[in-house]
Each structure stands twice: as C-alpha cells, then as structure tokens.
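For reference, the structure discussed in these notes is given below.
The values are calculated or read from the model by the stated rules, or taken from the named source; none is laboratory data. Values in this document were obtained by computation on a predicted structure and should not be read as measured data. Ideal geometry is used to build each Cβ from the backbone, glycine not excepted, and the neighbour counts take in all protein chains shown.
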Amino acid sequence: MVRSLDARRGGLARYTESLVPVVSLLVVLIPIVWRQPVLISPSRYYAMQTMALALAIPIVLASLGQMLAMSIGEIDFSMENLVSLVTCVMGAVMSRNVALGILLLLGILVVYALIGAFIHLKKLPSIIITIGMSFVWTGLAITIQPTPGGNIPAIASDFMRLKPPWVPYPIVLAALLALAGHFLMFKTGFGILARGVGDNVKSIQQSGHSAIRVRIMVFALVGLFGIMAGVSLAGLTNAADPLLAKNYTLLSVAAVILGGGAFAGGKVSAAGTVFGAFAMHLVVHLLVVLKISTDWQAGVKGFIILFALYIGGFFKRAGKIRYI
Amino acid sequence: MADAFVEVQGISKSFGSSQALSDVSLTIAPGECLGLVGHNGAGKSTLMNVLCGIFPPTAGGFLLDGRPQGGEYDVRIANSLGIRAVFQELSLCLNLTVAENMRVFHPEFRGWGWRKRAGDAIMTVLDEIFPGHGVRPNQRVESLTLGQRQELEIAKAFASGKELRLLVLDEPTSALDYHNSLQLLNYINRRKGGRISFVYISHMLDEVLACADRIVVMKDGRISGEVKGAGATRDHLIELMGSKTSAAPGALGNGNARDLSDRPLVIAPKGKSESGAGRVSLREGEVVGLAGLAGHGQTDLLIDLFDWRRNPDYDIGGPLTFIPGDRQRDGNFPLWSIVNNITILVYPRVRRYRIIDLSLERSVSGRWRDSIGILAASLTDNILSLSGGNQQKVLFARCLESDARAILMDDPTRGVDVGTKEIIYRLIREESGRGRSFVWYTTEMDELKHCDRVYVFRNGAIVADMPGVEATEEAILRSSF
Amino acid sequence: MPTIKTLLARKWLWSYLGAAAVFAVIAAVSANSFATLSASISFATFYILVGIGQMLVITTGPGNIDLSIPNTIAFAASLGFTLINESNANIPYGVAAGIAGGGAIGLFNYLLIRFILMPPMIATLASSLIVRSLSIIYFRGMQIKPPSGLSWFVSYRVGGYVPLVFLLALAAAAVMQIVLTRAAYGRYIHAIGQNIKAAWLCGVDVKLYKMITYVLSGVFAGVTGILLASFTSGATLSMGDEYMLNSIAVVVMGGSSIAGGDSNVIGIVGSSVLLYLIVNLLNILGMEAGLRYIFTGVVIIGIIFLSGEKMRWR
C-alpha cells in the first residue's frame, strides 16, 4: 500500500479541523469588536446586535442543510433556488391559504426524499440532479410569485423577532442549531450511518444497513433545512422573491468547508458550519466598521476563505505532498 | 453430516456469461476450521459472499443448522444467525472512531452509554487476540496503521453482543506482519473446537496448514479436492490447485550468485548518511530485495526513490518506473482499455506527428499479450474485465515497455495466483539478464531467493543487508525482530 | 456494425436525439424553423466554448469543477472592452488582454489549489469572489460597449444562416476532441482524473497538466467573455452568471463523467444546442418564464437519466 503518498499529517494537524472555523470567524469578528464594541456589550445595544446578526440565521440553516448533503458526499446546487422558492410560497400562498402552503412545503420535502432515492437507485450524481432541480425550483418560484413582493404570515416574522433576555436572539438560535446539528451528526445512529455512508457505502451496506434509507433521510433533511431557511428569511425580510436567496448555494458550501467539512463526505462539523456561516454573513459589517467600500464585499469573502483554509492547511503542509 | 452448521448444496453462481461457481457442495461442522485454497478466480470469495448473504446464488442453496435458507436471505439475516466475515477489502469507515464503527456493525450497541459499551467490547477482544495492539476506542480509524485496522476488523467480528457461529477470514493476514499473523493463528487454534466454526482463505498455504482441520481446494468454480489438515503438505495442495509446484528454477536463486560488481550503479547513495542507517545501492541488471516485517519502511523507500528529484540521499542514473502491489488503488486506470493502460508510459513511441497512432498502440500491446499471456477477449476491453493476476501482468507490460533502467516493485505479487507469479518471476529474470535493474519489496520469503542482494528493514531503516545466497528465512527473521 | 444498443450506449448521443426531437417540434409549430435553429446555435456557441473549458477541468478528477467561470467571463470581457474603448484598431490588444486575463485567473485558481491545498471548488469560488470585486472596482459594473468590428464578427452568418462563430466553435471542439483522445496531454488528464496516484506513479507531471488545464479553462472563459459581450452589446458584471450551472450541465448532458477521467467534446455541442432550442421552442409556444425554467430543469435531469451517468460524484 502506498501509504506515504498521502499528505502526512503531524500531531497538530488533528486540531486544524476545528481551527479553520475559529480562524474564519475571528478574522471577521475581531475587527468588528475592536471598531464597534457595542456588538458584544450587554443589553443596551441589544436591538442593534439583533439587527446585525439576524440575517445570518437563514444562511446558518441553509449551510446546515448543505452540511447534511456533504456528509454523505453529495452536494445540493439548488439551495438558493429552494430557499427563494420557499419565501415565495410563504409570501404568495401561505398568507392566503395555509393548508395549500403547508401542502406545497410538504411536497418539496417529498421531492427531496425522492432525489435521495433517485441518486441511490440510479447512481446519478447529486450535483447534476440538483442543477436540474435548481431550474425547476426557480421556475416554480417565478410562477407563483413573478415579482418581488408578497405578504409574509405574521407568525414567521414574529418568531424571528422574539426577544429573549440577555443574549441576542440570533445567537440563541445559532447556538441551538449548532447543538442540534452536532447531536444529529455525532450522537444519533442516523448521524453515524450518514457519515459512514459518506466514507464507505459498501461497508455500511454489507453490515446490513440500508443505504437508500440513509440517503432518503439525508435529502429529506436537506429539504427541511432549506425550508426552514426560506421561512426564516421570509420572516426577517418580509419579502417573497424568486431571487431573494441569491448566492446562498455557494455561501452554504463555503460555510461547510470553512466549518472543517470536506467534499469527499464523512467529514463534517455542525458547530464549525455555524461559525463559517456567521463569518460569511458578518463580512458586510466588517467592511462597514473598517470603512471599506462595500464593492469589496465579495472579494473579502474570498480572502477570508483563502486565509482560513491557508491557516487550516498550514500544519498539513508540514508533511511531504507528492502531487496535487 | 447431520450436525453440520453449514451445509452447502449444489450452489452455482454466474455473473453475466462467466460462471464463478458451478455446483459446489460443502459442509462445515461446528467448531471446525476449514481451510479454503485455490487460485485467484477459483470461486472462494464468491462462495463466501453467497454464504454471507452479499449476493444470492444463481442455483442451489444451503442449510444453516439444518434449516434451509430461502430467497430473503441477506447480510442482515446472516449476521443475526451469527455469520460474519473479514474480507480482503477492509470494511471499516475510516472517518468514524473505533467505537462508532462498532455501532455501525453491531446495532445492538444503542441507547445511553453505547459508546462506552462498544469500546469496552472491542478492547476486550483486541487485548485477547493481539496483545499490545495500541488501539484506543475513541481514535478515528484513519489514524490507525494498516495492520491495526486489520486487527480491528478481525476483532470486530468477535466483539458483538450476539453469538458468533461462523467466521469467514478472507486473506486476513495480508496487512498483518509475521508477529500479528502468529497471534491470529494461535487465537484461532485456541477458539476452534468450541461452537465457532472458521473458514480460513489464504494464498499463504503455510498459514492454512497451521490452523485448518480440513482443507478444501477450489479450482475454476468447483471443489477439486479435500484433505485433512493434519498430514497435508504444501506440495499436495499446490498439486490439487492444478499448477506446477512453485520450485522456481535457480537462475538467480540460492547458490547461484552472480557477480555484478563491475556493472555501473543505477541507484547510488549520495554523500554521507546522516543517521548512519544503511542505504540501498543498485547495479545494472541487479535484483535487490527489500525484506522485513510489513510496513517497516520498504514502500516509503520505494516512493522516495521514485520521487528522486526531491530525494537528497541518492544519485539516480536514469528513468525509474514503479509497479504497485495494490492495483486498484495505485495502478489501474479503471475507465480505460487494456491498450490504454499499457501505453501510458510510451507515448513518444506510439506517436506520429505528435498524434497517438491507434494501430501502433495496439501492436505494442498485442506483443505483450502474446509474450506474457494476458488473458483477454480483446485488448480494447476495459482493464477491469481482467482477473487480478492479468491486471498485474498489464502493469508489468506497461513498465517493461518503457525505457526505465530500474523498476521499483511494491510487493507486486500480492493476491496474485501461482501461475501469474511464475510468469512474473520469469519476466524479472529475463529483463535483469538484459540489464534492467529491479528493487523488489516482497512480503513473501520465497521470493527473496530471486534476489541478488537483500536488505532487511526494521522501523523504517535498513538494519541488515546480505547477498541473496545468504538470505535464509532464519537470517532475515533474526534481523527483523 | 454498431447496433442500436451500442449506439445508445454512447452517452453523448442522447443530447443529439433530444436536440433533433426539439427541432422536429419547432419545425412543426413554426414557419421559419431554420431561423430559430440559427438563433439557437449562435447562443449555443458560448455554451460550447465555456463547456469545453469546464470539461477539461472536470476531466482531471473528482471534485474538480471551475466555479470561477461566470466572473472570469465578466472580467475578461470588461478588461478587453475597456482597452478596446470602442475602437476597431485596438481589437487585437483587447482580445489578447481578455484571453490573458482569463488565463491569469485560471492560473490563480491552480495556485490556490496547489499551494493552499484548497479543494478545487472552494478555490475557484474564492477566486471568483475576488475577481468579482475587482470587476466592480475597476469597471464600475457599467455596460462597456463593444467595437463595431467585433459586433460584426459575432453576428456574421455564413450563407445567411450559419453563424461564423459557431463554425469556429465547432472547429475548436474538433481540435479539442483530437487533443483529448490522441495527444499526450489529453491522455494524461484522463489518467489523472481516473486515478491520480497511479498517474503520478506513471511519471505523469500531475502538477503541470493540472495547471495547464485550469489555465485553459480560464482562457476558454476569456474568449467566451469577449465574444459574448460583443454579441449582447456590451460587457456587464452579471453577464456570465447563468454559465456557472449551465457550463456543468452541458458537460454532463454531453456524456462526460462528472467524476472525471471520461470526457466527450462531441456531446457538448449537442447538449448546448439542445438547451437553446428548448428555450426557443418554449418561447415560440408562448410559455411563461416560469414554465420555461421548469421544462429546462426536467430536460437536464431527463438527459442525464437516459444517458445513465453512473459514476458517483465525489
């Protein structure tokens, strides 16, 4: 076995997986806190903190969905289209006919479960199926809500504007989501099986588990997280728009990778993903407090990804890498 | 035998047009250790896959504890009836911890505290079979050595809450070194005779002879013979497997030393070694063997030699090529035809006006097919349509067709049948006669007799070197430990 | 003799069958079906060029996808057109700058993959974000007008029907098909895509060929940017956006494996034409935009389903 061909990993390398998300968040957070300490000071600036952080929640949810897909080595390239579609369902349907709206959302879940089954049975690559689905979701969104607008049910916006004491609500939500995600992936049998499928499907099947069940469940959960992202985004923005979640697909992929996940499957971190999503979201505020033109918003996101992965990969490079 | 645990009745299995098993019948008694030997493609693994419920037979069936098993029989049922297998290909999930892997394979570890219970269960078994294994329950499997993974794989089968009735071991020692292999064989010998039956499949006939009560020989999907374990001999088994005995002619063998000291060096140590450890040198036409326990730095040296531009320790005179032992991982291009797999090193030779000439490619490949007998319906068939041994022949053809002065071989006969091995030995002999040099890492003592010089490895360093004629099994083992 | 079965086993064939079927429907419902075809293949030209670049990257193995193509297109076009400044005399410099800019982004992508050890999708995503900011800052997101020479060139039709750029794209596809199947470079990137370790052990200079591949992808995107901006009357910031997913879609619909090591240029031509024929057909039928999207998605999935891409994406 040509073991030495693989990048050798030193003792420190084991910790780099948790290093990447921390670095990515600190890079963004430290300048913000330094220039605008109100963001961490206690309750006096509560509303401001909530405002600044709230829009991270839909990204966190979408990223957790993407994380689930990536845990089994798949990817969802229709995330932004799905999230946008859900805002349209919320705006155009839910406000008029709750039953129909819920039915539509359930339909999305069923389609996602089917995608999981399809990918398993036909051995089709998820990347290309979800590219196809991205057109379908956008088509549906345009059909039910051709132009931005809509009327989001009050319950969604009310839920997103709860005010728990002491800690800003978005932080509470994010912490809960990170905990839930961690529990799901690392403490439940499902999470272990999903990560197992991401690493070695054959052995999961040979040990008597049904890989199709795992894939169906994973994709149904991807859909569920996408729906939650859409509902929260609609609640926060009070808008329904077929393009509202633009860039969510790539942002969510970046958040998972910044969180220490890998495309190859089997390697994910829920807390890291939440950190990564926050880092991506806070870039706008970073530019504001540093008085940098927002023209740089995309570029700074790029640089943060570069920097975090550079630091994360630093220790791996200690070994010999023969080819890339 | 009325009290047999397993009674296989006329099982056949075909994959498309190829018949992997035809009308195989077999019984396994409780507590028995059955040795199963035969060439690659003789049907051993297929038979065991059927028994473990991985795929159903095309015809025939089998009884377990006297009860016939029908069409719904699958891995899950096999597992619940106490049938488990350790296959050549490891089944662990590398990204999961040892305890999590236990949970995947033994779903009874659930509810509060499963992590601890699963960890304790696997540790107990590991301590019993492989004392001094050094595995911890919360370690990720990817951080274990190959040997440790194999140990874990074996221990996992014993460490279930449910009863184990039959354990199939398919080449269990391929990643284990000599010491651990002995531990395993000792453990099997201790456990057999109880309720657990074993099926031991291996190309290492000595291991089979060391533990089996009864040895079944398979050939071309049928059982070609059966002998009692006690009193069976290597030669008899090889005869039943249907090949000539592997007493290789002694052109390079013991007692036939060649004097190559006047030949130019192809691989030469450069400068002074910092650590004082021994280093390899290789002369034109020489065959150098790397010995020692598995995983003690032999492959690393081969890779370091191959990546010679970044290697400060050696002067390399001329191009090198590399023949891996793990074909699937390191050798094959799985979507390509046999032809494309052969010609990748020699594009300059099959091009006209910078464009690859298909007919030239085919003629180069055809030449090799004829000279080393690559058994393929057509050379444009996919490489994976070949058996393992023939895939290995393709890798040899690829490297020997090139103009490399030295060929580095990383245990090239791993999992290869005796017939192919003979061809490989012949090729090495012929090519070294023509001035090609070889560095040959092998896990089989037998093969060292083809070498002019043998270097023994321990803990990543060369601890001894000796001329091939002096390289006795005893001398090598003495240096390895 | 190829039987029907072996023909259908050729994965690229399905995109051609799809295109033929859609054209048949167009011919049935529209009086000037050839004008529709002509318009479709003009647009398809850009898919073909971008698709070839994306395909080269995908060929080099699992996970290799160039997500920077959209912003490379916009950057190269903006850079080229800014230099040209609507003067025909400056066209050679502008085109060269656009191509060089695309190649430079490709090189940057590779350097990130090589030295920061980033997964290719993340590397190309990060560089894409940076390039987008550069485009915003240097070109202010304005629509930069093409010179008349380029506009004439991209809209010239041989014999009144066949766009010249389409013929050039076909020529490029033919050359790339030969390079991929019969030149050492093509064989090597296939080898890398199928088994990178085995390729390295065969002495293939993995780094060099991967670098060339990423640069080529950038170059194809750069060329596309210049041509597309000339065709659509100007370079804009978001002109390339639709090419991110579509460039992957045409490659896979054309029968290349998303897992790498198995590519097909012929199929890209078929699937590119198919995608635009569908859009035009639905336009002729007067379908709403929403339905057009849905139908496109269904066709993409359908073609993949029929051609039976079997490798898992990793």
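Applying the selection to the range B:95-134, what residues are of a type in the set (Ser, Thr, Tyr) and away from every other protein chain (no Cβ under 12 Å)?
The answer is B:124, and nothing else.
Looking at residue B:349, is it of a type outside the set (Phe, Trp, Tyr) and at the interface with another protein chain (Cβ under 7 Å from one of its Cβ atoms)?
It is false that residue B:349 is of a type outside the set (Phe, Trp, Tyr) and at the interface with another protein chain (Cβ under 7 Å from one of its Cβ atoms).
Tally time: how many residues in the range C:230-280 are in a helix (DSSP H, G or I), over 13 Å from the mean Cα position of the chain (by Cα) and under 27 Å from residue C:95 (Cα atoms)?
Residues in the range C:230-280 being in a helix (DSSP H, G or I), over 13 Å from the mean Cα position of the chain (by Cα) and under 27 Å from residue C:95 (Cα atoms): 3 in total.
Hey, could you check the range C:280-294 for residues that are crowded, with 19+ Cβ neighbours inside 10 Å and out of contact with any Ser or Thr (no Cβ under 6 Å at 6 or more places or on another chain) and say which is farthest from the other protein chains (Cβ to nearest Cβ)?
Filtering first and then ranking leaves C:281.
For the range A:263-293, give me the residue count where each residue is under 19 Å from residue A:183 (Cα atoms) and among the hydrophobic types (A, V, I, L, M, F, W, C).
6
Considering the range B:312-332 alone, what residues qualify as being surrounded by fewer than 24 Cβ atoms within 10 Å (Cβ to Cβ) and part of a loop (DSSP other than H, G, I, E, B)?
B:312, B:313, B:317, B:318, B:319, B:326, B:332
Among the residues of the range B:55-95, write down those that are of a type in the set (Ser, Thr, Tyr) and touching a strand residue (DSSP E or B) at 6+ places or on another chain (Cβ under 9 Å).
Within the range B:55-95, B:58, B:73, B:91 meet the criteria.
If you check residue A:193 against the conditions, is it under 18 Å from residue A:126 (Cβ atoms), buried (at least 21 other Cβ atoms within 10 Å of the Cβ) and within 7 Å of chain B (Cβ to nearest Cβ)?
Yes, satisfied.
If you check C:128, C:133, which single one turns out to be within 14 Å of chain A (Cβ to nearest Cβ) and either in contact (Cβ under 8 Å) with a residue 40 or more places away in the chain or farther than 30 Å from residue A:20 by Cβ (or both)?
C:128
Out of (1) at the interface with chain C (Cβ under 7 Å from one of its Cβ atoms); (2) surrounded by fewer than 23 Cβ atoms within 10 Å (Cβ to Cβ); (3) in contact with a helix residue (DSSP H, G or I) (Cβ under 9 Å, 6 or more places away or on another chain), what's the single condition that is false for residue A:123?
For residue A:123, the exception is condition (3).
Does the range C:203-215 contain any residue that is away from chain A (no Cβ under 14 Å), buried (at least 19 other Cβ atoms within 10 Å of the Cβ) and under 30 Å from residue B:392 (Cβ atoms)?
No, the range C:203-215 contains no residue that is away from chain A (no Cβ under 14 Å), buried (at least 19 other Cβ atoms within 10 Å of the Cβ) and under 30 Å from residue B:392 (Cβ atoms).
Taking helices (runs of 4 or more DSSP H) that do not extend beyond the range A:209-324, which have at least 1 residues that are among the basic types (Lys, Arg), within 14 Å of chain C (Cβ to nearest Cβ) and out of contact with any Pro (no Cβ under 8 Å at 6 or more places or on another chain)?
The helices (runs of 4 or more DSSP H) meeting that bar are A:211-237, A:297-314.
Condition test on residue C:62, is it touching a Lys or Arg at 6+ places or on another chain (Cβ under 6 Å), within 14 Å of chain A (Cβ to nearest Cβ) and under 25 Å from residue C:173 (Cα atoms)?
yes
Would you kindly identify the helices (runs of 4 or more DSSP H) lying entirely within the range A:29-110 that contain at least 3 residues that are at pLDDT 90 or above?
Of the helices (runs of 4 or more DSSP H) lying wholly inside the range A:29-110, those with at least 3 residues that are at pLDDT 90 or above span A:56-71, A:79-88.
Could you figure out which of (1) of a type in the set (Gly, Ala, Ser); (2) farther than 30 Å from residue B:103 by Cα; (3) surrounded by 13 or more Cβ atoms within 10 Å (Cβ to Cβ); (4) more than 14 Å from chain C (Cβ to nearest Cβ) isn't true of residue A:154?
(3)
Considering each residue of the range B:135-146, count those that are buried (at least 20 other Cβ atoms within 10 Å of the Cβ) and within 14 Å of chain A (Cβ to nearest Cβ), and give that number.
Residues in the range B:135-146 being buried (at least 20 other Cβ atoms within 10 Å of the Cβ) and within 14 Å of chain A (Cβ to nearest Cβ): 2 in total.
Give me a count of the residues in the range B:425-465 that are closer than 23 Å to residue B:478 by Cβ and not aliphatic (A, V, I, L, M).
Adding up the residues that qualify gives 18.
Does any residue of the range B:360-367 turn out to be hydroxyl-bearing (Ser, Thr, Tyr), surrounded by 14 or more Cβ atoms within 10 Å (Cβ to Cβ) and under 22 Å from residue B:329 (Cα atoms)?
The answer is no, given that none of the residues of the range B:360-367 is hydroxyl-bearing (Ser, Thr, Tyr), surrounded by 14 or more Cβ atoms within 10 Å (Cβ to Cβ) and under 22 Å from residue B:329 (Cα atoms).
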